[in-house]
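The values are calculated or read from the model by the stated rules, or taken from the named source; none is laboratory data. These numbers come from a predicted model, not from an experiment. Glycine also receives a Cβ, built like all others from the backbone with ideal geometry; neighbour counts cover every protein chain displayed.
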Amino acid sequence: MLFRVLGPVEIDGTDAVSYIRADKPRALLALLLVKANSWVGVGEIVDTVWSGRTPPVSAERNIGTYIWQLRRTLPPLGVDGQRIESRSKAYRIRVEAGELDSDRMQTLLTAGGDALAAGDAPTALRHLETAQSLWRGTPYEGLVTDQHQPEVTRLTELRWSVRERLADALIGTSRFADAVALCKSLTTEDPLRETNWARLVVAYRDAGRRADALAAYQKARAALVDVLGTEPGQELRKLQQELLTDVPEPPKEPKEPTGPDAYVRTVLEAAGALDGEHAAAARHWFTTRHVEFTSAVRKLLAEKDVANAWLLTSALHQFVETGGDVPDWAPLVSEVAAAARAGKDWYGELITRNILGSALTRSGRLTAARAEFTAALGIASVHDDRDAEGTVLVNLAMAEASGGARQQAAEYFRRALRLLPEGPIAAEARHALAELGEPEDPARATVAS
């Protein structure tokens, strides 16, 4: 059971997402959720439900009717089955730990921050991408009055924290293109937050895009000087000095790694450069060494190092997506997926099954590709990873489109857009829908007033 308040107020039950269509019951549910597990007086309810309007004489009786409607909609809770309790002139909704998407976002942010502090960027990335996927728009969609606006502000700031730490995790896992896109969005929305300009500079720098990093610093300085009349702070100035004094080295062969972790890190860094300033050099590096990758993955599997095996596979996937070749690619990915399943590494299995689906699509084996994407969707759904579910749906839609199933592809794209946060993958889905000549028309199960 999940109450979604990070956007339009919705009830996510076991079978479907329900949207309270009628304005007044929806406003009532929003108010009760703002003060979950606390008693809310009828007077405050009336003021909220009829905000800015004169309530009718029958207002309190109408509130009782709306409570009855909501009780019929909400799944039961506890021994008595009552989600909404009542006493004289007051009501409260019972919400258990983890049943509010806002609480889940906070928990995931904390877990992501802890993982970053421990130097575990891949784990942090999983937590923070899941947290980001919970956001669907303005919290409570304007259904609370000015009195309750502080809660909306608090949740908006919570989202800022999630996105900022997500940028750190993207940089830490060498996903520089995604990090740059996110940081540019953050600096556009609030050009006076210096920390996000610093993140953008670091993302460009680590991607080997020194000129872009220096240009980002200049944009940050211009914004701060024009609006605040102040120079950038110490962190940004230090980054600029490092960029000006460090002479960039030409791309060269990485040093031979001394262990599996170092080897995987080397390949991840090379994969991160495939869409950067040194893309040509990175592709050449992959091409000249591609024969060794198959044996490297199988060696990791033989040593039961499943985590490094699927991380290496995900890096190689980026090379394959740019037209590269890895010997026995699809069978290799299948082996890694099976090992992740055997090792109960659900995220590794999800990633590799999605990669395998893409590989099978590329070779025209659409039935087998559908099976892998379906398995990946099941894993993402069980673990409530909406972002991963949306990504897999986009790939499944691409597979259906390649097979001529236009309507089915459009439906998968629409489902993906209901799950994905704004970003490159969502933009890709919208573009593909337009290419199919299909409108974006998300469907929702509704509850009659």
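Among the candidates 388, 397, 376, the residue that is assigned to a helix (DSSP H, G or I), within 23 Å of the chain's Cα centre (by Cα), at pLDDT below 90 and under 22 Å from residue 427 (Cβ atoms) is uniquely 388. Being in contact with a strand residue (DSSP E or B) (Cβ under 8 Å, 6 or more places away or on another chain), under 15 Å from residue 161 (Cα atoms) and either of a type outside the set (A, V, I, L, M) or part of a helix (DSSP H, G or I) (or both) is a condition met by no residue of segment 75-87. Scanning segment 45-64 for residues that are in contact (Cβ under 8 Å) with a residue 60 or more places away in the chain and closer than 22 Å to residue 6 by Cα, we see that the one that is surrounded by the fewest Cβ atoms within 10 Å (Cβ to Cβ) is 51.
Summed over segment 177-202, residues that are farther than 19 Å from residue 156 by Cβ and either touching a residue at least 40 places away in the same chain (Cβ under 8 Å) or hydroxyl-bearing (Ser, Thr, Tyr) (or both) total 6. Scanning segment 233-272 for residues that are touching a helix residue (DSSP H, G or I) at 6+ places or on another chain (Cβ under 6 Å), of a type in the set (Val, Ile, Thr) and modelled with pLDDT under 50 yields a count of 0. Consider segment 424-449 and keep the residues that are more than 19 Å from residue 404 (Cα to Cα) and surrounded by 16 or more Cβ atoms within 10 Å (Cβ to Cβ). The one that is modelled with the lowest pLDDT is 447. Which residue is farthest from the chain's Cα centre (by Cα), if the candidates are limited to segment 120-132 and must be of a type in the set (S, T, N, Q) and more than 14 Å from residue 178 (Cβ to Cβ)? For segment 120-132, the residue satisfying everything is 123. Is it the case, given these coordinates, that residue 93 is surrounded by 21 or more Cβ atoms within 10 Å (Cβ to Cβ) and under 29 Å from residue 418 (Cα atoms)? Yes. Of all residues in segment 153-180, exactly one satisfies the criterion of being touching a Pro at 6+ places or on another chain (Cβ under 9 Å) and surrounded by 24 or more Cβ atoms within 10 Å (Cβ to Cβ), namely 169. Residues in segment 287-326 that are free of Cβ contacts under 8 Å to residues at least 40 places away in the same chain and over 25 Å from residue 345 (Cβ atoms): 287, 288, 289, 290, 291, 323, 325.
Here segment 344-367 is the region considered, the condition is being surrounded by fewer than 17 Cβ atoms within 10 Å (Cβ to Cβ) and assigned to a helix (DSSP H, G or I), and the residue that is nearest to the chain's Cα centre (by Cα) is 346. For segment 311-343, what are the residues that are of a type in the set (D, E, K, R), over 23 Å from the mean Cα position of the chain (by Cα) and either more than 19 Å from residue 375 (Cα to Cα) or outside any helix (DSSP H, G or I) (or both)? Listed by number, the residues that qualify are 325, 328.
Within the option set 104, 165, being in a helix (DSSP H, G or I), of a type in the set (Lys, Arg), at negative phi and modelled with pLDDT of 95 or more holds for one residue only, 165. Residue 212 meets the conditions (1) modelled with pLDDT of 85 or more; (2) exposed (fewer than 12 other Cβ atoms within 10 Å of the Cβ); (3) assigned to a helix (DSSP H, G or I) in every case but one. The failed one is (2). Taking segment 199-234 only, how many residues are among the aliphatic types (A, V, I, L, M) and within 25 Å of residue 282 (Cβ to Cβ)? Summing the residues that are among the aliphatic types (A, V, I, L, M) and within 25 Å of residue 282 (Cβ to Cβ) in segment 199-234 gives 10.
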